[in-house]
1. Which is modelled with pLDDT of 90 or more and in contact with a Ser or Thr (Cβ under 9 Å, 6 or more places away or on another chain), of Val152, Val121?
2. Among the residues of the stretch 82-120, write down those that are open to solvent by 40 Å² or more (accessible area, probe 1.4 Å) and without any contact (Cβ under 8 Å) to a residue 24 or more places away in the chain.
3. So, Phe90, is that one over 18 Å from Ile190 (Cα atoms), of a type in the set (Phe, Trp, Tyr) and in contact with a strand residue (DSSP E or B) (Cβ under 6 Å, 6 or more places away or on another chain) or not?
4. Out of Glu167, Glu150, which single residue is acidic (Asp, Glu), surrounded by fewer than 11 Cβ atoms within 10 Å (Cβ to Cβ) and farther than 11 Å from Asp117 by Cβ?
5. Step by step: first the residues of the stretch 121-138, then only those that are surrounded by 19 or more Cβ atoms within 10 Å (Cβ to Cβ) and either in contact with a His (Cβ under 8 Å, 6 or more places away or on another chain) or not charged (D, E, K, R) (or both), then the one that is nearest to Ala87 (Cα to Cα). Which residue is that?
6. Among the residues of the stretch 172-190, are any among the polar types (S, T, N, Q) and out of contact with any helix residue (DSSP H, G or I) (no Cβ under 6 Å at 6 or more places or on another chain)?
Amino acid sequence: SYPSFTWRSICSARDVFDDGLLWRIEFDTWKKEVIYRLFDDEQARCMLNIPLAGSGSSDMLVWWHDASGDFEGQIMGACSYPLLDVAYAFVAEARACERALCFALDMGFRKVVLEGDSLTVIKKLNSNIVDRSVLSPISQHIQVLAGSFEEVTYLFVPKKANKAAHELAMVGRNRKLPCFWVEEAPLSVIEAVESDRYEWFHRC
């Protein structure tokens with residue numbers, strides 16, 4: 001027998017569903033193996049002592065785009081991570097890229113566009129030439145992390161269109177421990193995201 005028109009339509013739109021659906025996870029306990037993989041022992045112990053207020057509901061698949069079909073970028077998560085003893089700004093930028101991919105991996109994203117305003121770092125990540133600079137250990141680790149995704153794209157953006165990242169960095173400077181937000185962010189970062197979105201859509 002032949003499948004119905006409705007079933008054929010659903011199957012043909014499977015890729016759209018795959019791109020638009022994500023799991024909303026209800027956390028009742030910390031995932032210790034993930035925490036200890038991302039942070040050193042002292043920081044991990046501090047984080048694991050923070051209680052989580054679970055809602056008691058089950059994990060569910062949710063559609064992250066808006067109902068209009070205008071797939072506008074939304075804040076799915078944010079994190080700040082203290083970087084100590086970093087001598088050069090471009091090294092800090094590379095470390096930020098590295099942490100961003102770790103965060104995206106733990107959030108379950110499969111396709112990532114990583115934007116940065118350090119042309120040096122973005123060029124190295126897009127290059128097929130073996131990196132022999134001081135960034136080599138970081139760039140190599142980034143390439144390893146990228147292998148866990150279906151697709152990773154590295155884009156250079158001017159600083160005026162990257163205010164959210166810099167605002168998040170400023171928020172992180174006032175905190176001694178890593179901080180994470182899921183489907184939200186500090187108010188100042190949200191405002192910067194709106195500014196970045198405006199700059200992006202009105203770029204020349």
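The values are calculated or read from the model by the stated rules, or taken from the named source; none is laboratory data. What you see is a predicted model; the values in this text were computed from it and never measured. So basically every Cβ, Gly included, is an ideal-geometry build from the backbone, and we count neighbours across all protein chains shown. Accessible surface is based on the protein model in full, side chains and every heavy atom, while ligands, DNA and RNA are left aside. Shrake-Rupley method; radii C 1.70, N 1.55, O 1.52, S 1.80 Å.
1. Val121
2. Residues satisfying the conditions are Leu83, Leu84, Asp85, Val86, Ala87, Arg99, Ala100.
3. no
4. Exactly one residue qualifies, and that residue is Glu150.
5. Leu135
6. Checked the stretch 172-190: at least one residue is among the polar types (S, T, N, Q) and out of contact with any helix residue (DSSP H, G or I) (no Cβ under 6 Å at 6 or more places or on another chain).
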